[in-house]
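Here's the structure we're looking at; comments come further down.
The values are calculated or read from the model by the stated rules, or taken from the named source; none is laboratory data. Just so we're clear, the structure is a prediction, and the values are computed from it rather than from any experiment. Here Cβ is always computed from backbone atoms with ideal geometry, including for glycine, and neighbour counts include all displayed protein chains.
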Amino acid sequence: MRKGITFIIVLLVFAGIFLGISCTNKSVVGTNPKGYDLSKPIKYNMHINLTEISGIAFRHGKSDSLYAEEDENGKVYYFKLGDKKISESKFAKSGDYEDIAICNNYVIILRSDGSLFSFPFNQVRNKQIDGVKKIKDVLPAGEYEGMYADEKTNRLYILCKHCSDEKNKITTGYIFQLQTDGSVKPAGGFSINVKIIEQLSGNKKGAFRPSALAKNENTNEWYIVSSVKKMLVVTDAGWNVKNVYPLNSTLFNQPEGIAFDNQHNLYISNEGDLVSAGNVLKFNYTKY
């Protein structure tokens with residue numbers, strides 16, 4: 001009888017350990033970040049000119065106008081979500097443009113080779129934008145897709161998608177201070193531990209290729225989307241990985257852009273293809 005009781009106790013102990021591990025994992029890898037349901041977006045299909053929509057941004061978080069670019073034509077597009085009509089402005093010749101940021105009085109465009117294009121915001125609604133400043137050689141060689149502008153500090157955060165430090169399982173980011181003339185000065189850097197992302201996502205090779213990032217001002221967290229492996233990575237303010245959320249490929253065709261409005265609603269843009277339109281998915285914030 002005592003042997004039977006002992007055996008049951010041992011089983012209960014192991015079960016408790018197992019459940020503890022399971023609960024720990026569930027607290028790290030979840031379905032939805034707090035306040036958002038990633039399975040229930042409001043979907044806005046894009047105009048054909050934005051089939052390959054990449055970066056998206058708001059100015060001062062105001063959702064009445066969304067600003068976007070696609071990765072071919074050197075144009076900025078602006079429109080209200082839900083409207084069929086869009087407007088566009090030419091800022092440069094064709095190229096592989098990957099993200100857009102608006103920092104108070106300036107618009108900044110990121111090209112995949114790390115070059116930046118900045119111009120005054122008051123030019124954005126002209127058919128041909130004047131005063132474009134091309135900024136080269138401020139980033140190491142690599143492939144870049146993600147950029148965020150903090151309008152409170154006038155700082156730009158740029159995250160490398162494919163750089164030489166990947167062997168060390170680190171993704172590197174760079175910080176720049178935006179100057180009053182639209183130029184930038186280095187202001188530090190940061191890194192993200194890819195090993196943790198691999199452990200949480202279960203992907204061991206090429207697990208993290210960040211395509212866009214944005215700061216959730218409500219929680220002071222960083223939201224980073226990776227089109228490769230289709231995931232949303234959430235870090236704390238110090239870039240420590242907190243959570244990894246898988247993105248359903250049925251909804252997220254090719255997530256390339258991310259932004260928040262001033263009501264904390266989350267937006268993720270997806271490139272389209274020959275059979276589907278590009279789109280922007282809006283996830284309404286629900287207070288928790």
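So which strands (runs of 3 or more DSSP E) stay within segment 138-255 end to end and still have 2 or more residues that are acidic (Asp, Glu) and surrounded by 14 or more Cβ atoms within 10 Å (Cβ to Cβ)?
Counting at least 2 such residues, we get 143-150.
Filtered by the rule that a residue be part of a strand (DSSP E or B), surrounded by 14 or more Cβ atoms within 10 Å (Cβ to Cβ) and of a type outside the set (Gly, Ala, Ser), segment 103-128 gives Cys103, Tyr106, Val107, Ile108, Ile109, Leu110, Arg111, Leu116, Phe117, Phe119, Pro120. Contact map, segment 116-141: residues that are closer than 22 Å to Tyr174 by Cα and among the acidic types (Asp, Glu) paired with residues that are modelled with pLDDT of 95 or more and assigned to a loop (DSSP other than H, G, I, E, B), Cβ distance under 7 Å, separation 6+ or inter-chain. No pairs are found. Taking segment 261-275 as the range and being in contact with a Phe, Trp or Tyr (Cβ under 9 Å, 6 or more places away or on another chain) and either buried (at least 20 other Cβ atoms within 10 Å of the Cβ) or over 25 Å from Ser63 (Cβ atoms) (or both) as the test, the residues that pass are Leu266, Tyr267, Ile268, Asn270. With respect to Ser269, is the statement that it is more than 16 Å from Leu81 (Cβ to Cβ) and in the same structural domain as Ile158 (by TED's automatic domain parsing) true? Against the criterion (more than 16 Å from Leu81 (Cβ to Cβ) and in the same structural domain as Ile158 (by TED's automatic domain parsing)), Ser269 does not qualify.
So which residues in segment 247-262 are closer than 17 Å to Ser39 by Cα and either of a type in the set (Asp, Glu) or within 14 Å of the chain's Cα centre (by Cα) (or both)?
Listed by number, the residues that qualify are Leu247, Phe252, Gln254, Pro255, Ile258.
Within the option set Asn216, Asn240, Asn193, being of a type outside the set (Lys, Arg), assigned by TED's automatic domain parsing to the domain that holds Ile108, under 12 Å from the mean Cα position of the chain (by Cα) and more than 16 Å from Ile158 (Cβ to Cβ) holds for one residue only, Asn216.
Yes or no, residue by residue, for (1) at pLDDT 95 or above; (2) over 21 Å from the mean Cα position of the chain (by Cα):
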residue: Ser87; (1), (2): yes, yes
residue: Val107; (1), (2): yes, no
residue: Arg111; (1), (2): yes, no
residue: Lys127; (1), (2): yes, yes
residue: Lys136; (1), (2): yes, yes
residue: Gly146; (1), (2): yes, no
residue: Thr153; (1), (2): yes, no
residue: Thr171; (1), (2): no, no
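Give segment 172-194 a look and list any residue that's touching a Lys or Arg at 6+ places or on another chain (Cβ under 8 Å) and more than 22 Å from Lys134 (Cβ to Cβ), or say none.
Selection gives Asn193, Val194.
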